[in-house]
1. Rg(Cα) of segment B:22-68 divided by 2.2 N^0.38 Å?
2. How big is the equivalent ellipsoid of chain B along its three axes, where each semi-axis is √(5λ) from the Cα gyration tensor, reported in whole Å from largest to smallest?
3. Given only helices, namely DSSP H runs of n ≥ 4 each adding -39500 (n - 2.57), what is the per-residue ellipticity at 222 nm of chain A, to the nearest 500 deg cm²/dmol?
4. Could you pull the Cα extents of segment B:22-243 along its three principal axes, largest to smallest, in whole Å?
5. Against the longest principal axis of chain B, how steep is helix B:153-165, in degrees 0 to 90 to the nearest 10, with axes from Cα atoms?
6. Going by Cα centres, segment B:185-254 and segment B:21-39 are how many Å apart?
7. Taking neighbour counts of Cβ atoms within 10 Å as a proxy for exposure, in what order, fewest first, do B:Arg36, A:Arg103 appear?
8. Take the alpha-carbon positions of the protein assembly as shown, form their convex hull, and give its projected area averaged over all directions (one quarter of the hull surface) in nm².
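Since every read-out is calculated from the coordinates, none of them should be taken as a lab result. Please read all numbers here as calculations on a predicted model, not as lab measurements. Quick reminder, even Gly has a Cβ in these numbers, built from the backbone with ideal geometry, and neighbours come from all protein chains shown.
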2 protein chains.
Amino acid sequence: MPAETNDKLSELDTPCLLLDRDRMASNISKLKEKLRGLGVVLRPHMKTAKSQEVAKVLLEGTNGSITVSTLKEAEEFANAGITDMIYAVGISPQKLPRINRLRSSGVDLKIILDSKEQASALAKYVSETGDAIPALIELDADGNRSGVKPHDKETLLTIAETLRDGRARLEGVLTHAGASYDVEDEAAIIAAAEQERKAVVDAATTLREAGFECPIVSVGSTPTAHYAQDLTGVTEVRAGVFVFFDLVMAGLGVCTTDDIAISVLTTVIGHQKEKGWVIVDAGWTAMSRDRGTARQKVDQGYGLVCDSGGNVIDDLIMVSANQEHGIIALRGEVKDLSGDFPVGTMLRILPNHACATAAQHQEYHVIENGRYTVVWPRFNGW
Amino acid sequence: MPAETNDKLSELDTPCLLLDRDRMASNISKLKEKLRGLGVVLRPHMKTAKSQEVAKVLLEGTNGSITVSTLKEAEEFANAGITDMIYAVGISPQKLPRINRLRSSGVDLKIILDSKEQASALAKYVSETGDAIPALIELDADGNRSGVKPHDKETLLTIAETLRDGRARLEGVLTHAGASYDVEDEAAIIAAAEQERKAVVDAATTLREAGFECPIVSVGSTPTAHYAQDLTGVTEVRAGVFVFFDLVMAGLGVCTTDDIAISVLTTVIGHQKEKGWVIVDAGWTAMSRDRGTARQKVDQGYGLVCDSGGNVIDDLIMVSANQEHGIIALRGEVKDLSGDFPVGTMLRILPNHACATAAQHQEYHVIENGRYTVVWPRFNGW
């Protein structure tokens, strides 16, 4: 690490969020290359980064396509000139007017639904406004969350017919293999990817056999995107966390800790020597309360500690977090570290869950070629 | 609940944070009255609310005093005209110039420390700038976090002497009974309050006997503030979460669920009928990842569900949360609730931890006399 890095970083107020642009670029190009080989396109999920600057890198100057998890994201990215979006959270009728406003401004915003009642509400809205908001049917590939069961032909066709009868537009099918975050090994992720593919492809087949077009066949989760062996029948992959990666993904084997592009910069503010505690100014407001690695083989506490240059310090983790205090200690060992990390020492903490940690911050402090360069704003809220 | 409430609420975009001003006012006046009876003043901790409007209610138009957990809070509340503050997180030398800037603008901002190295750094800064930033020595009343052990006379006097020799200002002693959040019953909270009182009073006695003034003797946590029987020797109490209260405090018996002043308004977006799931548009970005009740007798999941008027629905909790999805189900029972809560139904979720849930939001939607009235901004960050 060149000396300039630390000199620049030492001027930052802590805690703050760092983004290693080189690691991010590498993560993005690796997944794009993988998906190109499988003949599908990436529709990145912007819920992780929530940054117009990160979107520019992902989209390479084009105006789409992306996935969003909130209408705030849709509006912010519309302001950045992006026009092709799926809002990938089940729709409630109250949100349709806000979607209509975005569509009226030229954004091809698509929604998802998984019930006849939502399809009826959409059909009613279409008849009132004339805006044939395109809808995808959400499938439940793995019992994780929302969606129609892939082989529930009756519900699939009822939704499709309700949309058709209401002159709404059925745009395709979509699923998310959320259970792939909780599996044990590589073989299980590969199996989850095939299960995810089959869920949407089977549903698309059912719909097409009944005479419905189904142009978009969409899957997506960061683990399955990286381990899919075959995506025949799929048209696009959605993934978000891969842009930054995190300790949960490293624990799954989807990346290494050296791929993790975001970290929280923090400063030592005290010690409890006899307990082996180093106390820092990053608490759960900076890290989030996410404890995703608690259910993995290696529990990383609230995060894995690096020096200020970003080099992992083996087995040093944030064992506990209060609102503005983090307690750092060696895993399973009590050792006075006050000499190694005196008050004022700057450290970086790799997060369990990139989406959750980034959501605690309003900006990225970007590092490029090992040097702190610029601030990129991010947004939160709905 | 008058019909107008729901009519007004139904126009809000969900998820969003509601604040019941009447409940908040009642919570504030109850604690103030209790402390008046014990002869001490309240120095409210603004880390929970982070709102100038809430500060106005707490301070009844005066210009202090408050506690803050970040320098961002100090700056925001200085802009609101508040001049008496303690920054109650151990100091790192890098933060002293920012503190000096605030003090130069007329804010009596005090800091805390618990080591000779911090005292030396402060003394050095005082000698360089002439700003005798007042410091309190932090005590570790219960092994929970930072602080000098109350009977570690040597460290106490070393810090005091270092400050005096460096012409810095020793302003008093301070502790936080953080362990009181994790106790089993009322008797244990009463004991924690006495332990907290004794820690600072004993340390103040040690310092005074050695010739050091110790004008401020400060304790504080919401549980101990409510259960303290005697605060002889204490000059002020800090507490923050009591303004809103939450399920962790209700689980401890410090309040009831009817005292909880904040909730997340959310909309039903789907169901998995055979699992008894109601899916809503409030996930962990709206609730936070805090699972504080997981270690209590009654685990409330990610929150306890109320109807849109704020009435608790017994045993209906948010059992799981993704980024923008919450899964609601009955505690220990699988029942199809899709008829009771169809898509579009609005619900409110009471949070585990008010500080953590509020930190996920940028504004409060204020309810007064049962009616939605106004938006109060809040801030986050450092």
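1. Working: Rg = 10.4 Å, N = 47, 2.2 N^0.38 = 9.5 Å.
Compactness ratio reported: 1.10.
2. So the equivalent ellipsoid measures 41, 22, 18 Å along its semi-axes.
3. Numbers: 12 runs with 122 residues, N = 382.
Theoretical 222 nm ellipticity from helices: -9500 deg cm²/dmol.
4. 49, 39, 26
5. Relative to chain B, helix B:153-165 is tipped by roughly 70 degrees.
6. A separation of 16 Å, based on Cα centres.
7. Working: B:Arg36 11, A:Arg103 20.
Fewest-to-most ranking of B:Arg36, A:Arg103: B:Arg36, A:Arg103.
8. Working: hull surface 125.3 nm².
One quarter of the hull surface, i.e. the mean projection, equals 31.3 nm².
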